[in-house]
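> Next up is a structure, given as structure tokens.
The values are calculated or read from the model by the stated rules, or taken from the named source; none is laboratory data. Remember, it's a predicted structure, so these values are computed and weren't measured experimentally. Counting neighbours? That spans all protein chains shown, and the Cβs are built from the backbone with ideal geometry, glycine included. With ligands, DNA and RNA removed, areas are computed over all heavy atoms of the protein, side chains included. Shrake-Rupley method; radii C 1.70, N 1.55, O 1.52, S 1.80 Å.
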Amino acid sequence: MTTPTVLDSAPLDVLDAYRTCELATLGRDGTPLAWPTAVARRADGTLLVTTSLAFAQKALNVRRDGRVGLLFSDPTGSGLDPAPQIFVGGRAECPDRIMAGPQGAEEYWRMLFERQPHSRAYLSFPLRPLMHWYYLRLLITVVPEQVIVRPPRAALLPGPGAAGPPPTGTVELPGAAQLAGFPTAVLAARDASGAPVLARTRPAPTPEGYLVEVPSDCAAAPGPASLLVHRHDDRLNHMYNALVRGELRRTDRGWALVPSTVVEPMGSGAARDALRVLRHTKRSTDRYLERRGLRRPKVQWDRFRALAAPAPQQERT
């Protein structure tokens, strides 16, 4: 007999079909920081997320404060567009154990290799010296405590004033160039208890900041917040993401995010950024290990290759 879980209230076939979700953790200063990530649902009703040592900040955030939020809102590649959006609030844990092989996350890696075929190339001998950081992972387990199902993001499109240039005569806001390329963005805020909440919205630039629509079932409260934009193709390639940090305030015109800084971890997406990103991943991986007095684990290439191999086609009868 299967034990009921919180996730049972969600359309699980839809949740499983999403290629990515937006995961929000709480930064050291309490700002909810959202980034796109792949997620796998486990049979016990928990969700599995992994992160490389090169981008370990969300793991460090979880160890400090386990409250997280996940929003499944970009159905690109799922074959379900339009698809309902699914918000999951819960608590996460991330043991300080570096995984150099797929043990304990085999289904996650099978899913990733299938949905992101180009990542199989990282296992080739020529690329191994450059891509070892990609396979040194930390496992984050999320225990859902709340599920909210919302209408498809198509319900937000199109919209007047969304993600466009600022009004004539105003100073360009931080993040204007990044947000302008997207019709919607994901707002990451906090509720009254300080837990992260997420909602896809249409930012509209004004002199006060970016006006954002907050659905009635999203219990956002004034305080630190951020806006995430990201994209990928049907095969999780050609990725780009940017985060606009700031403060969520109530104004006479409604909710507004007053921006302060912009983060583009992968750069603008231009080819010239690739070398800079590789240098960053190496430095960040080395720093994580050095601070813990650890040697770099040896990646279990053969085990990953076994999972990455395409499934044999069944013989026709």
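> If you take the Cα atoms of the chain, find Rg, then find the Kirkwood Rh from the mean of 1/r over all pairs, what is Rg/Rh? Write out the running numbers ahead of the final one.
Values: Rg = 19.8 Å, Rh = 20.5 Å.
Over the Cα atoms of the chain, Rg/Rh equals 0.97.
> What translational D, rounded to a whole number of µm²/s, comes out for the stretch 18-59 from Stokes-Einstein when the hydrodynamic radius is the Kirkwood one over Cα pairs, at 37 °C and 0.692 mPa s?
Numbers: Rh = 11.4 Å.
Calculated translational D: 288 µm²/s.
> Dipole size in debye (nearest 20) for the chain around its Cα centre, Lys and Arg Cβ +1, Asp and Glu Cβ -1?
Working: 40 positive and 30 negative charges, 272 e Å.
With Lys and Arg at +1 and Asp and Glu at -1, about 1300 debye.
> Hey, could you grab the Kirkwood Rh for the stretch 233-307? Inverse mean 1/r over distinct alpha carbon pairs, Å, one decimal.
Numbers: mean 1/r = 0.0605 Å⁻¹.
Result for the stretch 233-307, one decimal place: 16.5 Å.
> Okay, moving on. Compute, for the stretch 222-289, the length of the dipole vector about the Cα centre, with Cβ point charges of +1 (Lys, Arg) and -1 (Asp, Glu) only. Units Debye, rounded to 20.
Around 220 debye, computed over the stretch 222-289.
> With a cut-off of at most 11 other beta carbons within 10 Å, and DSSP calling the residue loop, which GluC sites (Glu not before Pro) in the stretch 105-138 qualify? Please list them.
Details: sites: 106, 107, 114; in loops: none.
Sparse-neighbourhood loop GluC sites (Glu not before Pro): none present.
> Right, here's the next one. Between beta-carbons, use under 11 Å as the cut-off and find the net charge around residue 90, counting Lys and Arg +1, Asp and Glu -1.
0
> For the chain, what is the calculated [θ] at 222 nm in deg cm²/dmol (nearest 500), taking -39500 (n - 2.57) for each run of four or more DSSP H residues and dividing by its residue count? Numbers along the way, then the final one.
Numbers: 7 runs with 63 residues, N = 317.
Result for the chain: -5500 deg cm²/dmol, rounded to the nearest 500.
> How far is helix 273-291 tilted off the main Cα axis of the chain, in degrees rounded to 10, range 0 to 90?
For helix 273-291, the angle is close to 70 degrees.
> I would also like to ask the following. List, in order, the whole-Hz ³J(HN,Hα) value for each residue of the stretch 82-87 obtained from phi through the Karplus relation with A = 6.51, B = -1.76, C = 1.60 and θ = phi - 60°; use x for Gly and Pro.
x, 9, x, 8, 10, 9
> Averaged over every viewing direction, what's the projected area of the C-alpha convex hull for the stretch 1-128? Give it in nm², one decimal, please. Please list the in-between numbers first.
Working: hull surface 36.6 nm².
With the hull built on Cα positions only, its mean projection is 9.2 nm².
> Sorted by packing (mean other beta-carbon atoms within 10 Å per residue), highest first, where do 33-41, 8-16 land?
33-41, 8-16
> Around residue 50, which amide H atoms from residues at least 5 apart in sequence, or from another chain, sit under 5 Å from its own amide H, with H modelled in the peptide plane?
Under 5 Å from the amide H of residue 50 lie the amide H atoms of 140, each far enough along the sequence or on another chain.
> If you average the sequence gap of Cα pairs under 8 Å that are 6 or more apart and divide by the length of the chain, what percent do you get for the contact order? Each step should come with its number before you reach the end.
Values: 673 pairs, mean separation 61.0, N = 317.
Across the chain, relative contact order equals 19 percent.
> Another one. If amide hydrogens are placed 1.01 Å from N in the peptide plane, which non-local residues have theirs closer than 5 Å to the one on residue 219?
none
> Give the Kirkwood hydrodynamic radius (Å, one decimal) of the stretch 180-251, defined as one over the mean of 1/r across all pairs of different Cα atoms.
Every distinct Cα pair counted, the radius reaches 13.0 Å.
> Please compute the per residue accessible area over the stretch 1-117 with all protein chains in place, 1.4 Å probe, rounded to a whole number of Å².
So the stretch 1-117 comes to 39 Å² accessible per residue, rounded to a whole number.
> Go through the stretch 206-220 residue by residue and turn each phi into a ³J(HN,Hα) via Karplus (6.51, -1.76, 1.60, θ = phi - 60°); whole Hz please, and just put x for glycine and proline.
These are the phi-based 3J(HN,Hα) values: 9, x, 7, x, 8, 5, 10, 8, 10, x, 4, 8, 9, 7, 5 Hz.
> Scan around residue 56 for amide H atoms under 5 Å from its own, H built in the peptide plane at 1.01 Å from N, and keep only partners 5 or more places away or cross-chain.
Close amide H contacts, sequence-distant or interchain: none at all.
> Would you work out which of 3, 26, 204 lies farthest towards the positive end of the dipole of the chain, given +1 charges on the beta-carbon of Lys and Arg and -1 on that of Asp and Glu, about the Cα centre?
It is 26, whose Cα lies furthest towards the positive end.
> Can you work out the Karplus-derived ³J(HN,Hα) for every residue in the stretch 185-202? Use 6.51 cos²θ - 1.76 cosθ + 1.60 with θ = phi - 60°, whole Hz, and x for glycine or proline.
With the stated coefficients, the stretch 185-202 comes to 9, 9, 7, 10, 10, 10, 8, 4, 8, x, 6, x, 10, 9, 7, 7, 8, 10 Hz.
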